[in-house]
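J.: So that we are looking at the same thing, I have put the structure below in structure tokens.
The values are calculated or read from the model by the stated rules, or taken from the named source; none is laboratory data. Remember, it's a predicted structure, so these values are computed and weren't measured experimentally. Here Cβ is always computed from backbone atoms with ideal geometry, including for glycine, and neighbour counts include all displayed protein chains.
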Amino acid sequence: MPKNLTNSILEMKKIDLEFIARWIYSLNDLDIKIFLFLLNQCEKCCIKFITEKFQKERSVIQRSLNKLSRFNLIKKIKVTLNEHRKICKNLINEDSVPERGYLYMYQSITLEELKSKLNNDFSYIINIFNSVINNVI
């Protein structure tokens with residue numbers, strides 16, 4: 001790409017990790033907000049807390065969490081109710097927690113893991129593009 005065209009693109013659109021993650025993984029605004037929340041503010045969170053934080057229906061939050069999990073941007077951790085109570089004390093209403101069983105907590109990958117993942121996934125995309133271009137010409 002010509003240097004002046006590259007500079008023009010960079011000037012038109014702020015290129016950062018968020019922009020690249022949106023582009024590579026087709027993330028929407030809520031997906032990004034949830035990921036950044038998990039990365040910066042909540043080491044491990046349950047879906048109930050995330051739902052209350054973003055004031056969205058559980059199904060909407062679940063779709064975003066599933067998408068983030070599918071791309072390995074977050075980890076879904078199965079915990080016992082006792083573990084859940086230790087982690088989430090004062091975060092959510094105890095009445096909403098079942099008496100037995102397991103719950104899932106969500107945790108983002110680290111910033112360093114994100115950088116490495118974006119770099120690897122972007123390289124993979126570039127290799128696919130190069131392969132397609134080489135087979136066409």
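J.: Say whether the condition of being under 25 Å from Asp16 (Cβ atoms), surrounded by 12 or more Cβ atoms within 10 Å (Cβ to Cβ) and at pLDDT 90 or above is met by at least one residue in region 94-105.
T.: No, there is no match, as no residue in region 94-105 is under 25 Å from Asp16 (Cβ atoms), surrounded by 12 or more Cβ atoms within 10 Å (Cβ to Cβ) and at pLDDT 90 or above.
J.: Also, I was wondering about something else. Any idea which of (1) part of a helix (DSSP H, G or I); (2) at pLDDT below 90 is the one Leu91 doesn't satisfy?
T.: (1)
J.: Go through (1) more than 27 Å from Gly101 (Cα to Cα); (2) at pLDDT 85 or above; (3) not in a helix (DSSP H, G or I) for Lys76 and report which single condition fails.
T.: Answer for Lys76: the failing condition is (1).
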